[in-house]
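What follows draws every value from the coordinates through simple rules; no lab data is involved. Treat the numbers as computed from the prediction; the structure is a model and nothing was measured. Virtual Cβ from ideal backbone geometry, glycine too; neighbours counted across all protein chains shown.
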Amino acid sequence: MKTATMVFTVALAVASSTVAGTGRELIDLSGVRGGLVVHVGCGDGARTEQLAAGPAYRVHGLDRDPERVAAARQRLKAANLYGPVAADLWEGRHLPYIENLVNLLVVEPGSDLSEAEMMRVLVPCGVALVAGANGWEKRVKPRPDAMDEWTHYLHNPTNNAVAQDTLVGPPHRFQWNAGPRYARHHDHLSSVSAAVSANGRVFYILDDAPAISILTPPRWKLIARDAFNGTLLWERPLGEWFHHLHPLKSGPAELPRRLVAVGDRCYATLAIDAPVSALDAVTGEVVRTYPQTEGAEEILVADGVLFVRTGGVLVQDSAAVRRGNRPSSTDPPPADLLAIEAETGNVLWNKQHAVVKLTLAVDDARVVFLSGDRLVALDRATGEVLWRSEPVTRADEYPDRSGPVLVLYEDVVLFAGSEFAAKGNRSWAVAKDDKMAAYAAVDGRKLWEAPHPISGYASAEDLLVIDGVAWSGETTSGHAVGTFTGRDVRTGEIVGRFDPNVDTYWFHHRCYRGKATTNYLIMSRTGIEYIDPRKEHWDINHWVRGACLYGVLPANGLTYAPQHPCACFPEAKLDGFAALASGPPLPEPRAAMAALPRLHPGPAYGTLEAATAAAAADWPTYRGDNARSGHARTTIAADPAQAWTTVIGGRLSSPVVADGRLYVAAVDAHTVHALDATEGSPLWQYTAGARVDSPPTVHGGSVLFGSADGYVYCLRAEDGALVWRFRAAPSDQRMMWYDQLESVWPVHGSVLVQDGALVVVAGRSMFLDGGLRMYRLDPRSGEVLDQRVYDERDSADDATLQDYARQMNMPVALTDILSSDGRYLYMRSQAFRLDGERLPLRALPYAGNPERYSIPNDQDAELAHLFSPTGFLDDSWWHRTYWIYGSRFLGGWAGYSQAGRVTPGGKILCFDDTKVYGFGRKPEFYRWTTPLKHHLWSAFKSPEAQRSAGGFRVAHNWTKDTALFARALLLADGTLFAAGPEDLVDEPRIGRRIDAEGVPELLAEQEAAFLGKRGGLFWTVDARTGELLASRKIDRVPVFDGFAAARNRLYMAATDGAVVCFAGE
């Protein structure tokens, strides 16, 4: 591994204690083109502001002086930059960032940072500009030799999907995460078509249209992010892509081969029928288009030469999808196979060949592919045929999801024809070997032939060569043992064979190919398994997986897991585009930083009076009370008028109201605002160190909230003065989360005060970064009453959470806003005693057959409460999640729809003492479905009041069809208030005529409405009967769950950054 730092000095100018140079000049001097910039010793933020050189930069200023930090924040807010550009207090020794995160470190005089600390936080090839007596000294961190890139779908042009990266390993730490949270739909085309990485960047093709409905038009984009911190560098829209309503499952297997990145160039087709274009990897601008490649299906790049297979088959198949046909391919017709000089566009040769998809491979001397039933090798320089093999064993036809496997490895060509797997690896078959064979690369002679176990699922199969050993394993079926066999690539001799050494629940392999590094075979029989063939050891991680069709990307010392649509293990599994690191969960200096003071008294410390109970007519915490009922103890007029509107701007949380003040968080600006609840006038604001994702809790004259900076804050309610702040994170270490810096261990904004104790949880997942920390604090002083750590271990039974995995269900491992019914605390479905002790874990009963869903969907009335399996703040409207009033949500392909059949469930709910009120899908849509229809309803809470009707046991008191999507719902004195965008589309009807005249325009209008661009509807409903009492149009729509009510007034936080008050007689 390279360790030496490259150092040289460039003098701009020197002026007393400040080294000259504008932020823009420093950016130019560094050569850093986007990413995370850290300004150490930021002062009043003047240079920090200048370092924000464009949308591709995130900037973080640090200073020891609170007054200078306050001044910097004020400057950045005035420039309308705050959030992506921010400033925070610094303890002065350790930088508050994880390893390999910062692209550019600008260190002002007097900062006294050690060389080791600067190199620790810099990304490979990152730059530190350190102010010195002679100007700015530039230091560059080398890229480790142990780190590899991933330039093609299957790593490189040889199709051997094995990274030469010894730093990739089982995940223990988050590196970064980016949105959206989910792929759009499980039953249609994967939202991720391709991903590659080169020169410190990750490129991928994503449909990021809203998840509200898969029927709405796709928004395909080519996106570039920094590989080490996930900063969005650029994105560009693509033209028409493969049809997004492609039926189950995933999409055409060759779609990921339309994207390649090498150095500072990215090569892609910018539409399904477009020729290949070369893009500047720094900016996303098109540098060159290769018109000869129109109809391109697959791209490989080797030594500055493009090799492109054309044919336009996917263009034709996409049209077939619209007609309801499922494309298959046998032998394609001859089409252009081109070699093009990438830098000039000169065509080196163009030959006509019938190349079977997925088989094109290139090495130093030759181009090899399957044509018909023979392998063909061409001279790489001239395109002339070198040899044709004897007939190979192959499938008669290859469904769109599958294809043969061809790998070039040194002097050997490996081939597996998937004769059974092409159609059979979407089955539960076992012991159905195909054949694989090896051929001499020099002349095509067959060297050996052997069985090839079926692998993958609804995908091409696996054949991976590590250090001269060709590995394959039976991974398709959950019934299979999962034996892996390694053969000498030149002789076929078995040199390794082993079974899994773990006893766990296996499902079918995730719907994509496996990949590997020099140390691990990386499979996904259930989650992501890292298999060490030398130690014959399996490391299982059911709580993370890659994107359907594409899978995972192991490179840069990290494992990248793009967005998936899976409903398996919903309360434990990661979502978003996750980048994960191996290594210890608390490496230095995190452990050293844990010893720093955690409680920081503020200027108002000790001034709070004894706490008094909140007024019954107030709404002092998230959703009104600790049970998160959404039930206001006040009366509101049936058709209230708009009393005032105050525009704060940005993305708002839902509000809370107490003692005549309204509090709301400007989430991305890290700021809690206090308004006069009667008039809407601003009273004060307080800025934390990172996002505040939900509203505070008002308690006894104090405002309590958590922040994504890992701290809990207590402010004096009357003026916003800081009473105390407490670091709930074990150390102050930031990572990138959805394009902003956040702590590795964030705290939700909405905190819980129960029985006089403030209860908070810091962290993201029990499986990463040492797990979650639950604290009980004294709300007046911030002193710790007690704390517990919940990680992947269950110390009560000497087990791990994964030991409880049964048919896509395992215990809760992800954090959420806490709730309480006065008897228990709850985090999602998990119950805790009031002192924070987790109730004993138990495995759900399971009949043992992974094909047949057998987990009973019974609910425990003792533990019934309101929760969302994906978290209260999940506003995605993804089709596989919803809230329930119950005790259990089941995961899995046949599980996610179960809870809503037996206990009240919907997209948003509220409840009183006996009933639940909700908005969500109609009973007949609790199943696998593309179209959805929704309604408002009321039902009893008690399971004894439910009855069975066609498998649906929820007894509705009333139901009502709606003309709106209820993004906000609130119950007040027998009246139900709902608001949201209009529902313009009858999905079951439209879904059958998706291409009819006028339908695409109607669907586009529905998307615009859902995004808040068309105003919305405000409904008032009699909660006893379901009668519509009032309906009117409103000019803005609420944020998700954006209502609050207090003292005869209704408040709404809107998507345009406004807070609206409604009042009336």
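Summing -39500 (n - 2.57) over the DSSP H runs of n ≥ 4 in the chain and dividing by its residue number, what mean residue ellipticity at 222 nm do you reach, to the nearest 500 deg cm²/dmol?
-2000 deg cm²/dmol
I need two numbers for the range 667-735: Rg to one decimal and Dmax as a whole number, Cα atoms only, in Å.
Cα-based Rg and Dmax for the range 667-735 come out at 12.3, 41 Å.
Which of the three applies to the range 909-1001, rounded, prolate or oblate, going by the alpha-carbon gyration tensor with a ≥ b ≥ c and a/c under 1.5 meaning rounded?
It is oblate, given that a/c is not under 1.5 and a/b is not larger than b/c.
May I ask for the net charge around Ile340, where only other residues with Cβ less than 14 Å from the Cβ of Ile340 are counted and Lys, Arg are +1 while Asp, Glu are -1?
-1
Peptides 719-728, 77-86: what's the order by average Cβ count within 10 Å, highest mean first?
By packing density, highest mean first, the sequence is 719-728, 77-86.
Would you mind calculating the gained length between Arg24 and Ala1030 on full extension (0.36 nm times residue separation, minus the Cα-Cα distance), in nm to one decimal?
Full-extension gain reported as 356.6 nm.
Which distance in nm do the two modelled labels at Glu235 and Asp364 give, with both placed 7 Å along the Cα-to-Cβ direction?
4.2
Find the percent of Cα-Cα distances in the range 162-235 that exceed 20 Å, and round it to a whole number.
41
Out of all DSSP beta bridges in the chain, what portion is antiparallel? Express it as a percent rounded to 5.
About 90 percent, rounded to the nearest 5.
Can you sort Cys1061, Cys125, Cys511 from fewest to most other Cβ atoms within 10 Å of each residue's own Cβ?
Fewest to most other Cβ atoms nearby, the residues stand as Cys125, Cys1061, Cys511.
Given the peptides 852-864, 545-557, 662-674, 434-446, arrange them by the average over their residues of other C-beta atoms within 10 Å, most packed first.
545-557, 662-674, 434-446, 852-864
Which shape class, rounded, prolate or oblate, goes with the range 162-581 when its Cα gyration tensor gives a ≥ b ≥ c as root eigenvalues, a/c under 1.5 marks rounded, and past that a/b bigger than b/c marks prolate?
Taking the square roots of the gyration eigenvalues as a ≥ b ≥ c, the range 162-581 is rounded.
Tell me, what is the FRET efficiency for Glu343 and Glu410 to the nearest 0.05, using R0 = 30 angstrom and their Cβ-Cβ distance as r?
E between Glu343 and Glu410, to the nearest 0.05, is 0.60.
What is the Cα radius of gyration of the range 490-619 over 2.2 N^0.38 Å, N being its residue count?
1.66
Which of the three applies to the range 6-140, rounded, prolate or oblate, going by the alpha-carbon gyration tensor with a ≥ b ≥ c and a/c under 1.5 meaning rounded?
Rounded shape, in that the Cα axes give a/c under 1.5.
Please enumerate, by chain and number, the lysines with C-alpha under 28 Å from the C-alpha of Lys573, excluding those fewer than 8 residues away in the same chain.
Lys221, Lys249, Lys515, Lys535, Lys907, Lys922, Lys933
For the pair Glu862 and Ile994, what calculated FRET efficiency results from E = 1/(1 + (r/R0)^6), where r is the Cβ-Cβ distance and R0 = 30 Å, to the nearest 0.05?
0.05
How many percent of all Cα-Cα pairs in the chain sit more than 52 Å apart?
So the portion of pairs separated by more than 52 Å is 20 percent.
So what's the range 536-681 giving for Rg/Rh, alpha carbon basis, Kirkwood Rh from the mean inverse pair distance?
Expressed as Rg/Rh, it is 1.11.
Students often forget the sequence filter, so: which aspartates and glutamates lie under 14 Å Cα-Cα from Lys357 once same-chain residues fewer than 8 apart are removed?
Correct list for Lys357: Glu254, Glu297, Glu298, Asp317, Asp331, Asp336, Asp373, Asp396, Glu397, Asp400, Glu461.
When all alpha-carbon pairs of the range 599-1063 are counted, what percent fall beyond 35 Å?
For the range 599-1063, the fraction of Cα-Cα distances above 35 Å is 30 percent.
Can you tell me the Rg and Dmax of the range 122-254, counting just the alpha carbons, in angstroms?
Rg then Dmax for the range 122-254, in Å: 18.6, 65.
Expressed in nm to one decimal, what extension gain is obtained for the pair Ala440 and Val481 from 0.36 nm per residue of sequence separation less their Cα-Cα distance?
Computed gain between Ala440 and Val481 is 11.5 nm.
Residue separation times 0.36 nm, minus the C-alpha to C-alpha distance between Ser795 and Thr612: what's the value?
62.0 nm
So if I average 1/r over every pair of distinct C-alpha atoms in the range 292-442 and take the inverse, what Kirkwood radius in Å does that give?
16.2
For Ile454, Ile466, what ranking results if the residue with the fewest other Cβ atoms within 10 Å of its Cβ goes first?
By the 10 Å Cβ count, ascending: Ile466, Ile454.
Straight-line reach from Lys1013: which lysines have Cα under 20 Å away, leaving out those fewer than 8 places along the same chain?
Lys1033
Could you list Glu235, Glu297 in order of exposure, starting from the residue whose Cβ has the fewest other Cβ atoms within 10 Å?
In increasing order of surrounding Cβ atoms, one gets Glu235, Glu297.
So, by mean Cβ neighbours within 10 angstrom, what's the order for 795-803, 825-833 with the highest one leading?
825-833, 795-803
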